[in-house]
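Report on the structure given below.
The values are calculated or read from the model by the stated rules, or taken from the named source; none is laboratory data. Everything quoted here is computed from the prediction, not taken from an experiment. Positions of Cβ are backbone-derived with ideal geometry, glycine not excepted, and every protein chain shown enters the neighbour counts. Ligands, DNA and RNA are excluded from the accessible area calculation, which covers all protein heavy atoms including side chains. Shrake-Rupley method; radii C 1.70, N 1.55, O 1.52, S 1.80 Å.
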Amino acid sequence: MASKCWAALSRRRLDKWNITTDTALARVLGLFDLTSLGVGATLGLGAYVLAGVVARDVAGPAVCISFLIAAFSSSLAGLCYAEFAARVPKAGSAYVYSYVTVGEFVAFVIGWNLILEYVIGAASVARGFSNYLDFLIGNAMSNALREVMPINVSFLSDYPDFFAFGMVLLLAILLSVGVKESSLLNNIFTTINLLTIGVVIVAGSMKANTGNWAISVDDIPEGTENVGVGGFMPFGWNGVFTGAATCFYAFVGFDTIATTGEEAKNPQRNIPWAIVMSLTIVCLAYFAIASVLTMMIPYYEQNIDAPFPYAFEKIGWPVVKWIVNIGAIFALCTSMLGALFPLPRVLYAMANDGIMFKFFSKVHTKTQTPLIGTLISGLLAAVMSLVFNLRQLIDMMSIGTLMAYGIVALCVLILRFQPERINSNVISSFENQSKESLWSGTKQLFNLNGLKEPTQFSGRVASWGSLFYGFFALAFGYIINAYISNIQEGDPIVITIAVVLAVIMIVIVIIISRQPVSSLKLSFRVPLVPLVPCISIFVNLYLMLQLDRYTWMRFAIWLAIGFTIYFTYGIMNSEQGKKDKIERQELVQRNGIRDRKLVEAKSKEATNS
């Protein structure tokens, strides 16, 4: 019974390796459309709100360095996404990637987390948009709603935000009309957004004063709170890295591109390059914006609700202020569109595989979009924007994203070292154990024989090595995070544990790097494997450890709901499970055998032949 349960949880979607152009969705998105989608989904609240918040309270002028660090960690995940998009250009993003690599249960967990990410992403941008607009009209909207319809519940918003609710529903209806139409609107909004960013950078540079990066603490007006020690890094490197952890979430959104595998033209080429190009554009934009903003006015004078309108008003340029306001409105609309766009695609992919309710896979014949999934997911995001405030939404957005990024990097490690062969879920994971001697096995472990092509043994070494690396990286990250003060004080026990864990991680990376690499030709490959995926795994795990216990508790509740759906519906209706069952029945009929081990042995013989 246990073996059957494990076989169900670990079964992989095998038929998707043979990618065809057949799809119910419309292939209308070119390289420009995909890059525009990634830029639009990413370049939003981070540019118009987050830069001011981090500059004033966390990192000071060094917020530009925080953005660079965040961009580096996001780029590692982006490279991994790009390779997987080249391998598996299907709708579903990290969900599909983990399904073909790790197994069905992990894929469901990732897909369920992506649903959470996109729902909260759309709701949080809508709420942020509402707050931004409300600030421009003197908080008239929030004051009126707070007075007429107050919500006196600690874990909900102070008032229902009907504006945010309506905006999300409107965009969900727009997405239901058709991909080409919504893509055209996204391109227009993204162009306006980039033009606005250009105006901000050029106009702000004309009023830039590098002296604002070297303000002495003695020159700061008395009574100003939270100023640190002044200078470029008023809160030290600790503030820079804390700011980087916050700025990381400004880069969430590029994975939207990876969900368009069945609607993209030439997906194996265009999706990887769109990811790389969009991250490059966004990184340069964030760095320039943060630099200009902190040189225009001192970091301790930044406004946390609308930093750029406040800055241009402060320097006496009201015309530029309103140009920025208009551009920000279009940018936030684009961010909402980018968050809502991939959500029904993930539901569509999961429903097509049978592990989510089947009605989510229905594609409207006229619009060629997953209509039901789009409207239901839009309604869910709209309700969340109605009753939760921005801070509560942002707290939940990160954890699912980081887990997805980490597993995609893990999948790159596993797949890069696998032999090119057709697998079968019918084969047990135990029947291919090596029969070599201990010394021969050790030689294979470090590839002292100089093998050039991957084997089953080397593939298992890379797979298990990747999993063990993730475990030790989590332990190392926990030690660094929880006992940083002990390390700074020179605690020998904590330092010894940290060093031992670091050495083990390095040895595992060396062992993985010694294994022969698959020669499969791809339009994009992650450079410096296994180093880049390993760094990405560690960074994502470390950032997950920064989240508070309440976020983990809410995340546990969300997972519990997902597990209920999977174990009561998905595991029994899985399309891959049905195919595996048919395969076993065919083997029984063809060979006249009933014993499961014999079935597996026959399956192995057929595969090897």
From the list F163, F135, pick out the single residue that is in contact (Cβ under 8 Å) with a residue 60 or more places away in the chain, open to solvent by 50 Å² or more (accessible area, probe 1.4 Å) and part of a helix (DSSP H, G or I).
-> F135
Could you look through segment 327-378, keep only residues that are open to solvent by 20 Å² or more (accessible area, probe 1.4 Å), in contact with a helix residue (DSSP H, G or I) (Cβ under 7 Å, 6 or more places away or on another chain) and charged (D, E, K, R), and pick out the one that is modelled with the highest pLDDT?
-> K358
Looking at segment 307-319, which of its residues are closer than 22 Å to F232 by Cα and open to solvent by less than 20 Å² (accessible area, probe 1.4 Å)?
-> P307, F308, A311, F312
Select from segment 494-522 the residues that are modelled with pLDDT of 90 or more and more than 30 Å from F84 (Cα to Cα) and write down the one among them that is least open to solvent (accessible area, probe 1.4 Å).
-> A498
Any helices (runs of 4 or more DSSP H) falling wholly within segment 1-93 and containing at least 3 residues that are at pLDDT 70 or above and among the aliphatic types (A, V, I, L, M) | 31-42, 51-54, 63-87
Has segment 407-416 got any residue that is in a loop (DSSP other than H, G, I, E, B), closer than 30 Å to Y99 by Cα, at pLDDT 85 or above and open to solvent by less than 30 Å² (accessible area, probe 1.4 Å)?
-> no
Could you tell me whether G562 is open to solvent by less than 60 Å² (accessible area, probe 1.4 Å), in contact (Cβ under 8 Å) with a residue 12 or more places away in the chain and touching a Gly at 6+ places or on another chain (Cβ under 8 Å)?
-> no
Within the group S513, S519, S536, which residue is part of a loop (DSSP other than H, G, I, E, B), under 27 Å from V276 (Cα atoms) and either aliphatic (A, V, I, L, M) or out of contact with any strand residue (DSSP E or B) (no Cβ under 9 Å at 6 or more places or on another chain) (or both)?
-> S519
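Per-residue answers, yes or no, for (1) within 30 Å of A264 (Cα to Cα); (2) modelled with pLDDT of 85 or more:
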| site | (1), (2) |
| --- | --- |
| A144 | no, yes |
| E147 | no, yes |
| D158 | no, no |
| D161 | no, yes |
| V179 | yes, no |
| S182 | yes, no |
Restricting the first residue to segment 273-301 and requiring it to be open to solvent by 10 Å² or more (accessible area, probe 1.4 Å), which pairs with a second residue that is basic (K, R) and part of a helix (DSSP H, G or I) meet a Cβ separation below 8 Å and a spacing of at least six or different chains?
-> M296/K314; Y300/R56; E301/R56; E301/K314
Hits in segment 222-243 (condition: open to solvent by 70 Å² or more (accessible area, probe 1.4 Å) and either over 28 Å from the mean Cα position of the chain (by Cα) or over 20 Å from I69 (Cα atoms) (or both)) = E222, G223, E225, N226, V229
Would you call I304 surrounded by fewer than 24 Cβ atoms within 10 Å (Cβ to Cβ) and touching an Asp or Glu at 6+ places or on another chain (Cβ under 9 Å)?
-> yes
Restricting to segment 205-261, what's the tally of residues that are among the β-branched types (V, I, T), part of a helix (DSSP H, G or I) and closer than 21 Å to G46 by Cα?
-> 5
Given (1) under 20 Å from the mean Cα position of the chain (by Cα); (2) in contact (Cβ under 8 Å) with a residue 24 or more places away in the chain, where does A556 come up short, assuming only one miss?
-> (2)
